[in-house]
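Chemist: Structure provided below as structure tokens; questions to follow.
The values are calculated or read from the model by the stated rules, or taken from the named source; none is laboratory data. Please read all numbers here as calculations on a predicted model, not as lab measurements. Virtual Cβ from ideal backbone geometry, glycine too; neighbours counted across all protein chains shown.
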Amino acid sequence: MTLRARLALLVAVAVGLGVALVALAAYFTVAAQLHSQFDAQLVSRARTAAITTLTVPGELARVPSDYLDAGGIQVADVDVLGNATYALGAQPFPVLPSDIAVARGDHQLLVHDAPGGLRVAALHVGPGQAMLVAQSVSSVDRTLARLRLVLLLVGVVGAAGAGLAGLAVARAGLRPVERLTAAAEDVARTGRPEPIDVAPGPSDDEITRLAVSFNAMLAALAESRGRQNRLVADAGHELRTPLTSLRTNLDLLAQSDGQEARGGRGLDAQDRAALLADVRAQVEELSALVGDVVELAREDESGPVSEPVDLVAVVDRAVERVRRRAPGVGFDVRVNPWYLYGDPAQLERAVVNLLDNATRWSPPGGTVHVRLDRGVLHVADEGPGIPAEDLPHVFERFYRSPAARAKPGSGLGLAIVRQAAERHGGRVTAGSAPGGGALLTIALPGSPAPLPAEQVSYQA
């Protein structure tokens, strides 16, 4: 069953139950009112008869029943022995023990049912005597039967109308959902995350919030796809240059080998060694670029992390790694305790990238200054520094200043640093060190005291 059919059925059942309850309440209310009025009329007739001479024993037998039977009224006198005196020509009706109790004076008035569809009002009118007034309830039964028929017809019509109304309500209420469904199917079919139109103006209903959330999801999908496309395009652009250079060098080596095979003169040993060294460097550059691209793509797809991290230990491990591959550069490290929840491997990669960038620009014998204070890590070198026009772009993917293009690197190291900082709720900045070199800073939220080993997830 479709959602529209379920909603229509739900509305029909709810309205049908409501109509049924109202009909039952109306029927029982009207029935109680009719019976109450019928009993009140019987009691009034009994009191009226009691104040006439009809209460004289034997008097009632001489009164024609047509005089007393207007509207189906039947009147009788009864004594304590159960002897009843009926009007002249009247239809006798049975005397019940409750009527005799009224004649004895046990009750002043009783109204009860009697065989033959009669309703009887028994009134105590004197010592050992009761006045009985009986009337058929057929008129009340006919009225209630007509009322039941009318209420049944109203209930059927109401249920049918409720079903039609349910269909209309379901169709109108599910129209925004159908638009969302069509939009989702269009995105799945075409791959274009086009947002759907949302009615202008303030609205806080569930459908509007769902549409806004759906548009936000599509925007996030479009942004993710845009980042992937930019990453692929930038990576392809960056790979083109080293691949072209590598292919040129390999062609030169192949031509040299071909000339030597034909007895000609090829490259001498020094030129060949230089060419092979250049090829080796280009292969290493390609390997580093591919590794950075893979790392960046992997971090783009990584989920929340939740592990207590000692940032001092992370910095110490990063310094030891970079110290081994940059023996000509010194390190001045001063750190204060800082703890946070995060991914230690990702943070260590970010710190290593900062230190690699500093050693790349440091002069031989220079010193890289590392400071960690209250969650802010400063890495300063003694190189030429970063030009002012390049400061806003140093953390962008594949961005390399004119001065950096002559040095090895992929242009992704600092982009990985920024991504790691943002994933941990931090930020990165670039500036100038007091000594004139570059100063790169990463600030991470945390605490100077050790954190408990509890699962706390976060994601930028």
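Chemist: Identify all residues within the stretch 95-125 that are surrounded by fewer than 19 Cβ atoms within 10 Å (Cβ to Cβ) and among the charged types (D, E, K, R); write none if there are none.
Modeler: Residues satisfying the conditions are R104, D106, D113.
Chemist: Just to verify a result, which residue in the stretch 20-73, among those that are assigned to a helix (DSSP H, G or I) and within 16 Å of F93 (Cβ to Cβ), is modelled with the highest pLDDT? If you could, list the steps in order and put the result at the bottom.
Modeler: So the first thing to find is which residues in the stretch 20-73 are assigned to a helix (DSSP H, G or I), and the list is 20-50, 53-55, 60-62, 65-68.
Among the residues that remain, those that are also within 16 Å of F93 (Cβ to Cβ) are: 42, 45-46, 49, 60-61, 65, 68.
Numbers: L42: 85, R45: 79, A46: 79, A49: 71, L60: 67, A61: 64, S65: 57, L68: 54.
Of everything passing the filter in the stretch 20-73, L42 is modelled with the highest pLDDT.
Chemist: Considering each residue of the stretch 100-135, count those that are touching a helix residue (DSSP H, G or I) at 6+ places or on another chain (Cβ under 6 Å) and among the β-branched types (V, I, T), and give that number.
Modeler: Residues in the stretch 100-135 being touching a helix residue (DSSP H, G or I) at 6+ places or on another chain (Cβ under 6 Å) and among the β-branched types (V, I, T): 3 in total.
Chemist: Go through the residues of the stretch 403-410 one by one and say whether even a single one is assigned by TED's automatic domain parsing to the domain that holds D390 and either within 44 Å of the chain's Cα centre (by Cα) or at pLDDT 90 or above (or both). Step through it out loud before you land on a result.
Modeler: Step one: list which residues in the stretch 403-410 are assigned by TED's automatic domain parsing to the domain that holds D390, which gives 403-410.
In the following step, the residues that additionally are either within 44 Å of the chain's Cα centre (by Cα) or at pLDDT 90 or above (or both) were identified as 410.
Yes, because at least one residue in the stretch 403-410 is assigned by TED's automatic domain parsing to the domain that holds D390 and either within 44 Å of the chain's Cα centre (by Cα) or at pLDDT 90 or above (or both).
Chemist: Next up: Taking the condition at pLDDT 90 or above, in the same structural domain as L340 (by TED's automatic domain parsing), under 22 Å from A380 (Cβ atoms) and of a type in the set (G, A, S), does G437 pass?
Modeler: Numbers: at pLDDT 90 or above: no; in the same structural domain as L340 (by TED's automatic domain parsing): yes; under 22 Å from A380 (Cβ atoms): yes; of a type in the set (G, A, S): yes.
Against the criterion (at pLDDT 90 or above, in the same structural domain as L340 (by TED's automatic domain parsing), under 22 Å from A380 (Cβ atoms) and of a type in the set (G, A, S)), G437 does not qualify.
Chemist: Just one of (1) surrounded by 21 or more Cβ atoms within 10 Å (Cβ to Cβ); (2) at pLDDT 90 or above; (3) under 23 Å from A430 (Cβ atoms) trips up S362, so point out which.
Modeler: (2)
Chemist: Write out, first by first residue and then by second, each pair whose Cβ atoms fall under 8 Å of each other, whose residues are 6+ apart or on separate chains, and whose first residue, in the stretch 110-131, is outside the structural domain of Y86 (by TED's automatic domain parsing) and closer than 17 Å to G82 by Cα while the second is of a type in the set (K, R) and buried (at least 19 other Cβ atoms within 10 Å of the Cβ).
Modeler: none
Chemist: Just need a number here: residues in the stretch 234-290 that are closer than 30 Å to N353 by Cα, β-branched (V, I, T) and modelled with pLDDT of 70 or more.
Modeler: Total meeting the criteria: 4.
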